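Some notes on the structure that comes next.
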Amino acid sequence: MSVLTTADLERLLDDDVPYGDLTTEALGIGGQSGVMEFTARDPMVLALAEDAAALLRLCGCQVELLAAAGDRLAAGAPILRAHGAAGSLLRGWKVAQTLIEIWSGVATATREIVDAARTVSPTIAVACTRKNTPGTKRFAVAAVKAGGAVMHRLGLSETILVFAEHRAFLDEPLAATVARLRRAAPEKKLITEVSSVDAALAAAEAGFDVLQLEKFVPADVAALAAQLAATPYRPVIAAAGGVNASNAAAYATAGAQVLVTSAPYMAKPRDVQVRIGRMK
């Protein structure tokens, strides 16, 4: 199922082909029947294939989707096949290809972190932040889900996360802040970011539900988990800042229950091979 609306897809096409395809029109080949095939050139976790197919259909193509978002594809695996007029195929070609390549890169990087963490902690959650490129949230959320992770925060409107930058405007004990937030949003979990073990223990005692450990090394996560085990407080421990596939297992082993990361958004796109030719 496509996560992008028809309006979203139309905007993508309008950005790339605002006044028609000059090359195809000048060559006079737009009406010829053709076929286009997408295959994975690299191993990848596929993302936004359904949206690429919807975009090609919007261009007037008939599309057979051969793989789904979230699938692990080997090099050479088929993704989709489209039939239609050459003008339709060539209009949607690059936008559809790029859509899959960029966001499959994010999905693949996400899955690498998830797999690394779950080798030692099968129930751990990997949560990707909202620090994606502005204007691409629909794409980012779909890619993160395809990679097996969840979103940490979709935006400022639906979650409560207290930073030091918020506390700079407060002159009250942490417990008073917790009480204030419980009154204002009684159905919400209360999260706070902390930068030391002592600060984390104080936040747990004050009643925060989730401790977001900013740039803790795994040894400090383990030390906090051990100290919390000796208290009546059981907040969720979320490791954040610098989490990636190379250290996810270490954070999971240390006792983190959630890994918060922005790393997948910096991933290299996965290469999609496209073949276009006349219909035989």
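The modelled label-to-label distance for the pair residue 182/residue 1, using points 7 Å beyond Cα in the direction of Cβ, is 3.8 nm.
Size descriptor for the chain, Kirkwood hydrodynamic radius: 21.0 Å (Cα pairs only, one decimal). I want to verify a result. In a Gaussian network model of the chain, Cα cutoff 10 Å, which of these has the top mean-square fluctuation: 19, 233, 265? Comparing 19, 233, 265 in the GNM, the peak value goes to 19. Largest first, the extents of the alpha carbon coordinates of the range 1-40 on the three principal axes equal 35, 28, 17 Å. Helices that extend 27 Å or more along their long axis by alpha-carbon positions and average at least 0.0 on the Kyte-Doolittle scale are, among the DSSP H runs of the chain, 86-118.
Pairwise alpha-carbon distances in the range 192-280 exceed 17 Å for 51% of all pairs.
Overall, the chain carries a charge dipole of about 400 debye about its Cα centre when +1 sits on the Cβ of Lys and Arg and -1 on the Cβ of Asp and Glu, all other atoms neutral. Taken one residue at a time, the phi angles of the range 275-280 give Karplus couplings (6.51, -1.76, 1.60, θ = phi - 60°) of 10, 10, x, 5, 6, 8 Hz. Gly and Pro are set to x.
Report summary: the helix-based calculation at 222 nm, which adds -39500 (n - 2.57) for every DSSP H run with n ≥ 4 and divides by the residues of the chain, gives -12500 deg cm²/dmol.
Modelled spin labels at residue 231 and residue 131, positioned 7 Å past Cα toward Cβ, are 2.6 nm from each other. Counting only DSSP beta bridges with both residues in the chain, the antiparallel share comes to about 50 percent.
Readers should treat all values here as calculations from the given coordinates under stated rules, not as data from a laboratory. Keep in mind it's a predicted model, so treat the numbers as computed, not measured. Virtual Cβ from ideal backbone geometry, glycine too; neighbours counted across all protein chains shown.
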